[in-house]
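Step one of this worksheet: look at the structure below.
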Amino acid sequence: MTTYLDHAATTPLRPEVAVAMAEVHTTPLGNPTGSHPPAQRARRLLEEARDEVASFLGRDPGDIVFTSGGTEAANLAVLGTVEAARCGRGEAVLLCSAVEHPAVRESARAAAHDGADSRVLPVDRSGVLDLDALARTLTSRCTLVAVMTANNETGVVQPLGDVIDAVRRRAPQAFVFTDAVQAAPYLDLAEVAAAADLVSLSAHKVGGPVGTGALAVGPRVALAARQHGGGQERERRSGTQDVAGAVGLATALRLVAAERAEGAPRVAALRDRLRRGLLSSLPDARATVPDDVAVLPGHLHLCLRGVEREELLVALGQEGVCVSGGSSCASGALEPSHVLAAMGVAPELAAGAVRFTLGYGTTEADVDRALAAVPGVVDALRRRA
Ligand code: PLP
């Protein structure tokens, strides 16, 4: 029996999404840019999907650029605004929080490599952005401020409204980009991220297909395309659009929005039971984020002293409990977490970091099985060490 508690890594495709995508795949469709009836059908499906994504984000449909996922959306947001600024003003200044996902962090590094002035904004010990440091760093030279809506490792929700207020006051010319990939399953982004200039999404975190995402680009944003060709997506992202992927993303977002009011508190209650149970049964376990900090409903991040996390993840997997260490590179190998380092978590504690992430499909029985399995596995590993 598998107890899947790694929904922040990817969450299973929703059956309704599979049905909607299968319908698209079995309908004779043309290229959405064409003029004949099959092309018109494809265009209609694509534009209906765009309307749905726009409505989820509280945006104009014209703002939505379909991409191949959250990584491409972040690359386009960061490198596209930097390039437009450098072409216009001759310079680009980029501010990114210290806890951004590698999709943003590595884009910022690439921009710096190409000559942009890229700075890192610190977080406090809870992983929340330091707003004073932001205020001190903002100047009239800033091009882009990137602060994620919620963190993928810890689930910590950032004070995005305060970030946007500070940017509008001190650097009104700058754009705000928020990576909302992890927040999308739970937060009402039409409210939380309405005032951000750029917002990114990924379908496979909401029960849609892997390989589809979107970037919302506000009307005042100067953005240079990263991908050149036939000028699709209003010249912002060339390439024949993946109609089935767009329909899959739109269907998943519609379900997420419909479930949110009941689903988010239900998942949070399960997560809280897991948290209480593990903290009381695991000696030397520490909750990485304090109780009073806003965290996504599905996230539970613990640091277990005296346990090596790779061993722990493998041993838990053998017991059917699937969790993650929070950060991994493409090879799957665990790397030291830049998020925990930015929060000042001691390396010996970070070495035993483990992330449990619940989703809409998680049940009481999943929590029971995790509570039954984890203490024994941890105990066995500690004895062996
Ligand atoms: N941003 C965040 C916060 C993520 O958690 C992820 C995926 O883990 C991404 C971006 C990348 O999205 P994708 O897997 O669609 O490229």
Does Thr71 satisfy the criteria of being within 16 Å of the ligand (Cβ to nearest atom) and open to solvent by 60 Å² or more (accessible area, probe 1.4 Å)? yes
Of all residues in segment 209-221, how many are touching a strand residue (DSSP E or B) at 6+ places or on another chain (Cβ under 9 Å), more than 10 Å from the ligand (Cβ to nearest atom) and in a loop (DSSP other than H, G, I, E, B)? 3
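Could you go through segment 250-260 and let me know if any residue there is within 13 Å of the ligand (Cβ to nearest atom), of a type outside the set (Gly, Ala, Ser), farther than 30 Å from Gly88 by Cβ and under 18 Å from the mean Cα position of the chain (by Cα).
As a first pass, look at segment 250-260 and keep what is within 13 Å of the ligand (Cβ to nearest atom): 252.
From what is left, the residues that are of a type outside the set (Gly, Ala, Ser) are none.
Within segment 250-260, not a single residue is within 13 Å of the ligand (Cβ to nearest atom), of a type outside the set (Gly, Ala, Ser), farther than 30 Å from Gly88 by Cβ and under 18 Å from the mean Cα position of the chain (by Cα).
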Could you check Leu249 against (1) touching a residue at least 12 places away in the same chain (Cβ under 8 Å); (2) open to solvent by 10 Å² or more (accessible area, probe 1.4 Å); (3) closer than 15 Å to Ala184 by Cα and say which number it fails? (2)
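Tell me yes or no: at least one residue of segment 356-366 is surrounded by fewer than 20 Cβ atoms within 10 Å (Cβ to Cβ), part of a helix (DSSP H, G or I) and among the hydrophobic types (A, V, I, L, M, F, W, C).
Start the filter on segment 356-366 by keeping residues that are surrounded by fewer than 20 Cβ atoms within 10 Å (Cβ to Cβ), which leaves 361, 363-365.
Next cut, part of a helix (DSSP H, G or I) only: 364-365.
Going one step further and asking which of them are among the hydrophobic types (A, V, I, L, M, F, W, C), we end up with 365.
Yes, segment 356-366 contains a residue that is surrounded by fewer than 20 Cβ atoms within 10 Å (Cβ to Cβ), part of a helix (DSSP H, G or I) and among the hydrophobic types (A, V, I, L, M, F, W, C).
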Taking the conditions exactly as written (without any contact (Cβ under 8 Å) to a residue 60 or more places away in the chain and loosely packed, with under 15 Cβ neighbours inside 10 Å), does His36 satisfy them or not? yes
In this structure, is Gly62 open to solvent by less than 20 Å² (accessible area, probe 1.4 Å), away from the ligand (no atom under 15 Å from the Cβ) and assigned by TED's automatic domain parsing to the domain that holds Asp132? yes
Residue satisfying condition, being at negative phi, in contact (Cβ under 8 Å) with a residue 60 or more places away in the chain and not aromatic (Phe, Trp, Tyr), within set Val156, Val163, Val145: Val156
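Can you confirm whether segment 25-37 contains a residue that is within 16 Å of the ligand (Cβ to nearest atom), more than 17 Å from Arg237 (Cα to Cα) and in the same structural domain as Leu215 (by TED's automatic domain parsing)? It would help to see each step written out before you state the result.
We begin by selecting, within segment 25-37, every residue within 16 Å of the ligand (Cβ to nearest atom); these are none.
No.
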Answer residue from segment 1-13, given it is more than 16 Å from the ligand (Cβ to nearest atom) and assigned to a loop (DSSP other than H, G, I, E, B) and is nearest to His299 (Cα to Cα) among those: Thr2
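The values are calculated or read from the model by the stated rules, or taken from the named source; none is laboratory data. Model, not experiment: these values are computed from the prediction. Because the Cβ atoms are built from the backbone with ideal geometry, glycine has one as well, and the counts that use them run over all protein chains shown. When the accessible area is computed, the model is the full protein with side chains, heavy atoms only, and any ligands, DNA or RNA have been set aside. Shrake-Rupley method; radii C 1.70, N 1.55, O 1.52, S 1.80 Å.
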